[in-house]
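The next block holds one structure in the form of structure tokens; read it before the comments.
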């Protein structure tokens, strides 16, 4: 081919599959020169002196040869030039693109002898004919033309450089890169200073919080140690800007240590997605504060901790339990006065290891309908395949709309909830694998962490005693709010899971074959998956539940089973064969019998006979004195109260009576009555003796003018009285408006009145009557006043 394509560089023509006269090709191991092109035929001339004849063959036959290639002067195949990235031009200014397009036209003319867009038979302008002028001569001609016509100031070396850039990068090579230069993330700051700053900030993540100025001092020390005087650290003003560019907030440097450690522990992008394709393939369990206050079993407001089990494939909340949570600490005087016991310290309580086992048991069976549940909570009113599930498991007839999912793999954290061996033994028995998450790596169970956030925003914040997750966002008081007890809040939560969460569309639950379909709810996703995986009910018997409870090893005495300072007995005498008898089990058991107990219902325990394979139930012998459900936590409170009264902690009868009294008080709530808080150290004192010369309220006034003295119990109210009174309902509370009877005073008059109100009044109990003779001070005493009032009432 001739014309414009013949003037293109060889590497450009090779990329486009174009041959031109003069190209050297390799065919059958020999180099040939293209001497003629006629339609689809090509004429090749062999190397001089090779003795080979001229070759005339179709172009497709030449291109189909195994060793065909366009070669350069050294006999090496010409590399195909990469296509230019024209999309780069979209990110530059219009002026820069226009200048690059102008250079493109002139470089093409220098390269080919013709401007772009010229016909095939066009003639080159003077000075640009490729057969008459060399490249350097064309460079000089083009430079002179640009300087004269376009007022450029370039040399022929600039034109040469532009041509070479164009051959390599296309139009992008002609763009002035000074116009495309973006500012550096760290400006002109030495990169070594930037690296040192990032290292210092990262190193402070687990240490005490310091200010940004403190970080800059450590930075200068670090740079001085590493590089000496060769590297200069910019001033603090520049470093503050550098922190902002690096995405480091100044306030985060002095944030709480835990928050800084969590931020430093954030994984590097790109973030992955936790996936599971079948129900139960991956289940995550964790605990969190529910940010709600409830009325605890001890009659006091307490926080609540939620432990939940979430299935990753369907995002279903398989099971959830809530437990009261309090921290151990020292009570102040007010808390001691309002507490059920007068102990100076409060005991801690939280979710226990047994709760993890109970949570597992709850997730393996259908969630039962409870009294007071709405009919919409029933499984038949949901998107679950109720008819098929009912045919496989008759227990679904009384089940709530929550799927039953048997886990294959459970991911847990390192909390105390999962420290018990019973949970791992139960999982091992059921064929469930347990994988602990990495320490301080919440992303290993990100699904349940995000579910907790949704529970707090969709459920917790609508409870009237919602506290929020930050102390700075909490209400100042909950006075007047009616608190739910733990059982009532649990009923609300279980109903919300069935009605709200399981029926709410989830963005991550989409059809993998058609992303345009709307997202599914957890129940809908379970209904789709169970059609493939099937449903196999797990029948848990009474013995299975007992196996999930905590274990203790005890002996049986003549009294019965002594456990936790309580004695348990079997009314049918089934413990007789175990009294004063060793079990024969060695090791840590030391001949004791296996005992299962529930700390949330300790009125019963179960002894296991490993020889006969049976369970013997025993009941607390003084349960009749209590007569109500109780927990181990309440027993500990009653024990502490009894010990403070001088009793013994192993006197289970006296502790049971104290527990019954505690439950009675807890049923009525805390006694909120208390003395008023008095300002300025004024304490409650008896009123001073009244001055008989001032006023006798029960004597004959004789119709005279009522004259009140300045001392005695009928004097003006002192600070202690004003702290308990207000202007709305107390006639003795003086205000500027009530004294003048006219319009309201100005603010200045009001302030002056308040400042001078107590100037002439002595404190309570220090009146002028103290200086009078004893006979004059011996007026009416408080008891005399009360007797006088009773006499008047009888009359």
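Quick one: in the stretch 552-568, which of the residues that are surrounded by 14 or more Cβ atoms within 10 Å (Cβ to Cβ) and in contact with a strand residue (DSSP E or B) (Cβ under 6 Å, 6 or more places away or on another chain) is modelled with the lowest pLDDT?
Taking the stretch 552-568 as the starting set, the residues that turn out to be surrounded by 14 or more Cβ atoms within 10 Å (Cβ to Cβ) are 552-556, 560-568.
Still in the running and in contact with a strand residue (DSSP E or B) (Cβ under 6 Å, 6 or more places away or on another chain): 552, 554, 560-561, 563, 566, 568.
Details: 552: 88, 554: 92, 560: 93, 561: 93, 563: 93, 566: 93, 568: 95.
Checked the stretch 552-568; the qualifying residue modelled with the lowest pLDDT is 552.
Answer yes if at least one residue in the stretch 38-47 is more than 29 Å from residue 134 (Cβ to Cβ), modelled with pLDDT under 80 and surrounded by fewer than 14 Cβ atoms within 10 Å (Cβ to Cβ), and no otherwise.
yes
Would you check if there is a residue in the stretch 343-365 being at pLDDT 80 or above and either part of a strand (DSSP E or B) or farther than 24 Å from residue 597 by Cβ (or both)?
No: the stretch 343-365 contains no residue that is at pLDDT 80 or above and either part of a strand (DSSP E or B) or farther than 24 Å from residue 597 by Cβ (or both).
Any residue in the stretch 352-375 that is without any contact (Cβ under 8 Å) to a residue 60 or more places away in the chain sitting within a Cβ distance under 6 Å of a residue that is assigned to a loop (DSSP other than H, G, I, E, B)? List the pairs, counting only those 6 or more apart or interchain.
If the second residue must be assigned to a loop (DSSP other than H, G, I, E, B), the pairs left are 366/404.
Would the stretch 152-160 turn up any residue that is within 60 Å of the chain's Cα centre (by Cα) and more than 30 Å from residue 29 (Cα to Cα)?
The answer is yes, given that some residue of the stretch 152-160 is within 60 Å of the chain's Cα centre (by Cα) and more than 30 Å from residue 29 (Cα to Cα).
Looking at (1) surrounded by 15 or more Cβ atoms within 10 Å (Cβ to Cβ); (2) at pLDDT 90 or above, which one does residue 500 not meet, given that it meets all the others?
For residue 500, the exception is condition (1).
Any idea how many residues of the stretch 193-213 are assigned to a helix (DSSP H, G or I) and touching a residue at least 24 places away in the same chain (Cβ under 8 Å)?
Residues meeting the conditions: 8.
When you go through (1) exposed (fewer than 15 other Cβ atoms within 10 Å of the Cβ); (2) in the same structural domain as residue 363 (by TED's automatic domain parsing) one by one for residue 534, which number turns out not to apply?
In the conditions (1) exposed (fewer than 15 other Cβ atoms within 10 Å of the Cβ); (2) in the same structural domain as residue 363 (by TED's automatic domain parsing), residue 534 misses (2) alone.
Considering each residue of the stretch 81-104, count those that are at pLDDT below 85 and surrounded by 14 or more Cβ atoms within 10 Å (Cβ to Cβ), and give that number.
5
What number of residues in the stretch 56-76 are in contact (Cβ under 8 Å) with a residue 24 or more places away in the chain and in a strand (DSSP E or B)?
Number of matching residues: 3.
What number of residues within the stretch 394-432 are part of a helix (DSSP H, G or I) and closer than 18 Å to residue 377 by Cβ?
Number of matching residues: 4.
Looking for something touching a residue at least 24 places away in the same chain (Cβ under 8 Å) and in a helix (DSSP H, G or I) - is there at least one such residue anywhere in the stretch 590-611?
Within the stretch 590-611, not a single residue is touching a residue at least 24 places away in the same chain (Cβ under 8 Å) and in a helix (DSSP H, G or I).
Filtering the stretch 498-514 down to residues that are outside any loop (DSSP other than H, G, I, E, B) and touching a residue at least 60 places away in the same chain (Cβ under 8 Å), which residue is farthest from residue 376 (Cα to Cα)?
So, considering only residues that are outside any loop (DSSP other than H, G, I, E, B) and touching a residue at least 60 places away in the same chain (Cβ under 8 Å), the one farthest from residue 376 (Cα to Cα) is 501.
Out of curiosity, is residue 108 surrounded by 16 or more Cβ atoms within 10 Å (Cβ to Cβ), assigned by TED's automatic domain parsing to the domain that holds residue 171 and either at pLDDT 90 or above or not in a loop (DSSP other than H, G, I, E, B) (or both)?
Yes.
The values are calculated or read from the model by the stated rules, or taken from the named source; none is laboratory data. Just so you know, these numbers come straight off a predicted model, no measurement behind them. Neighbour counts are summed over all protein chains in view; Cβ atoms, including those assigned to glycine, are modelled from backbone coordinates with ideal geometry.
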